[in-house]
Amino acid sequence: MDIQAPKGTKDMLPQDAYKWQYVENTFKEIAKYYGMRELRTPMFEHTELFKRGVGDTTDIVQKEMYTFNDKGDRSITLKPEGTAPAVRAFIESRLFNEVQPTKLYYATPCFRYENVQKGRFRQFHQFGTEIFGSKEPSMDAEVIAFAMSVLKKLGLSSLSLNINNLGCPSCRPKYNEALKQYLKDNYENLCDLCKSRFEKNPMRILDCKNHKCNEITKNAPIILDFMCDECDTHFTKVKEYLDALNVPYKIDPGIVRGLDYYTKTIFEILNDDFTVCGGGRYDKLIEQLGGPEMPAVGFGMGVERLIMILEKEGIEIPNELLFDLYIGARGDEAKLAAFTLANKLRAVGIKTEVNHMGRSIKAEMKYANKIGAAFTTILGDDELQNKVIKLKRMSDGEQFEVSLDHIEEIVNVIR
Ligand code: ATP
Ligand code: MG
């Protein structure tokens, strides 16, 4: 076939599905212990949401969005991230009127028109959480601890956690001025995009991927030296809470994250290859998108990168045996009996397969082996007449005689 999947997209193939299910189940299971509930938002939104929500000086909005006009001439964008849609839903459904905090999680595809490379796709997936309503530093620490405990549960305890504080509207303007002062002399050497960011959002220049811009910003002033008392106290408390949980972290004044909405705490979890998780506090976004004044904190975790790291670290992802039992059959009558028995066993939770391929008995056993059936049995005239079957345990060849009419006997052997 000459049609291929679009560049930067990937099929999730059946032989890999267990990995995805495992990481997703782990994430959802742990989210439950934190009292988070699932939110699903549409795959596309009005473009305006991301322009206002993510920020129009960001890479995402300036370069990466899948935006098109639909047949009704509305400007539509495939969601590049999960936070702005979550905030939109929170406001639209007036969840702010309910008792707070609102603790949400999601697992969603995201779409970004990126330079495709290792760990960077055009459709990728994120696990995320968004917590609305709490301004307390303990919530920042809880969100970070949640991310770390998901990773730990998956067997990844060697990833680094870097944190920073981006300040708030009362201290950031002072910092922006200092930054502009510092960058002024090198303005001509900045990339075009950064030139356009200089007035509107100079901090964004610190996050530019351009090498020349990186050189220029290397010795730039850091926001931590400009924090107001409130931000300073908040940051100190977040660190205290993380210390109390024995979550190790490094302070990295260089991280600013790729989205404009962050205030105060931001963080990244990474290894030498990738940033797998990024998040932080965004106390002004709900208001900015038309909701009440309400603080929030959250993160997004890249599922493809997560699975790549698990594989690189050689961490075994449990793959459930595909089948508990393979039932072979000699003759038509036996085939009918095998077919009905399989159905009864499936109904009580035994993963069972039968011969739908017209295979010979010998080929059937080879197939049973290939699909990893833990037990096999063969039905023939004798078995039907005596109502007794032999279950063969494939791991050691041991056989167990059980009554054909007593499903629970079969189940007991297999379990
Ligand atoms: P980067 O600096 O790598 O571009 P980002 O700041 O754009 O990351 P976020 O928007 O914070 O990333 O997204 C959170 C997480 O989603 C990232 O840490 C990463 O694991 C994952 N992610 C982001 N973009 C992609 C992509 N194009 N392909 C795969 N995963 C991605
Ligand atoms: Mg990016």
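Just so you know, all these numbers are worked out from the coordinates, no wet-lab data involved. None of the values given here were measured: they were computed from a predicted structure. Using ideal geometry, Cβ is built from the backbone for each residue, glycine included, and neighbour counts are taken over all protein chains shown.
By the count of neighbouring beta-carbon atoms within 10 Å, fewest first, 249, 105 end up ordered 249, 105.
First check a/c for region 1-156, with a ≥ b ≥ c the square roots of the eigenvalues of its C-alpha gyration tensor; if it is under 1.5, answer rounded, and if not, answer prolate when a/b is larger than b/c or oblate otherwise. It is oblate, given that a/c is not under 1.5 and a/b is not larger than b/c. Give me the net charge of residue 178's neighbourhood, meaning all other residues with Cβ under 12 Å from the Cβ of residue 178; Lys, Arg count +1, Asp, Glu -1. So the surrounding residues net to +2. Taking Cβ atoms as reference points and 12 Å as the exclusive limit, the residues near residue 260 contribute a net charge of +4, counting Lys and Arg as +1 and Asp and Glu as -1. Going by neighbour counts of Cβ atoms within 10 Å, the residues 130, 215, 45 line up, fewest first, as 215, 45, 130. Here the Kirkwood formula puts the hydrodynamic radius of region 201-240 at 11.9 Å, using every distinct Cα pair. Pairs spanning more than 29 Å between alpha-carbon atoms, out of 10/370; 153/237; 51/103; 28/370: 28/370. Amide H to amide H distances under 5 Å link residue 265 with 166, 281, where only residues 5 or more positions off or on other chains count and H is placed in the peptide plane. Other residues whose C-beta falls under 9 angstrom from the C-beta of residue 298 contribute a net charge of 0, scoring Lys and Arg +1 and Asp and Glu -1.
Modelled this way, with points 7 Å down the Cα-to-C-beta line, the labels at residue 390 and residue 149 are 5.1 nm from one another. The label-point distance for residue 212 and residue 245, in a model that sets each label 7 Å from Cα toward Cβ, rounds to 4.3 nm. Hydrodynamic estimate: the Kirkwood radius of region 325-414 over Cα pairs, inserted into Stokes-Einstein at 20 °C and 1.002 mPa s, corresponds to D of 167 µm²/s. Using only side-chain charges placed at the Cβ, +1 for Lys and Arg and -1 for Asp and Glu, the dipole size of region 325-414 relative to its Cα centre rounds to 460 debye. Its Cα gyration tensor gives region 150-266 an equivalent ellipsoid; the semi-axes, largest first and in whole Å, are 29, 18, 11. Ordering 397, 384, 358 by Cα displacement along the dipole of region 325-414 toward the positive end leaves 358 in first place; charges were set at the Cβ atoms of Lys, Arg (+1) and Asp, Glu (-1).
A dipole drawn for region 285-400 from +1 and -1 charges on Cβ atoms has a positive end, and of 368, 291, 303 the residue lying farthest that way is 368. Note on region 259-349: Rg/Rh from Cα positions, Kirkwood definition for Rh, rounded to two decimals, is 1.39.
Our analysis of the chain gives Rg over Rh at 1.12, with the two radii drawn from alpha carbon positions and Rh computed by the Kirkwood formula. Normalised by the number of residues in the chain, the mean separation of alpha-carbon contacts (under 8 Å, six or more apart) gives a relative contact order of 15 percent.
Exposure proxy shown here: for 106, 18, the number of other Cβ atoms within 10 Å sets the order, fewest to most, as 18, 106.
If a spin label sat at a point 7 angstrom from the Cα of residue 191 along the line to its beta carbon, the backbone N atoms of region 241-264 nearer than 19 Å would be those of 254-260.
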